[in-house]
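Single-structure report; data block below.
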């Protein structure tokens, strides 16, 4: 699955913006009898991007725009057994 997000502004005056980004995720499921296996990979290409920002950084970065980086590549595996 691909998710593309266009650039977005983080202030009301439209002076500061976060760049657009493309993130690819993948998920695989397998069922065998009472067992279920799944593997999920988020951000396959390890894209560096920000989903959120603020025009004022608060008490630590006063009156400066800040962006918060999103998670890099992540892998999750799961094994389930129904009984």
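The values are calculated or read from the model by the stated rules, or taken from the named source; none is laboratory data. These numbers were taken from a predicted model, which means no experiment stands behind them. All Cβ positions, glycine included, derive from the backbone under ideal geometry; neighbour counts span all protein chains shown.
For the reader, a short list of remarks on this structure follows.
- Qualifying residue in region 25-48 (condition: touching a strand residue (DSSP E or B) at 6+ places or on another chain (Cβ under 6 Å) and modelled with pLDDT under 90): no
- Region 49-72: number of residues that are part of a loop (DSSP other than H, G, I, E, B) and loosely packed, with under 15 Cβ neighbours inside 10 Å: 11
- Matching residues in region 1-38 - criterion: being surrounded by 14 or more Cβ atoms within 10 Å (Cβ to Cβ), over 15 Å from the mean Cα position of the chain (by Cα) and under 25 Å from residue 75 (Cβ atoms): 36, 38
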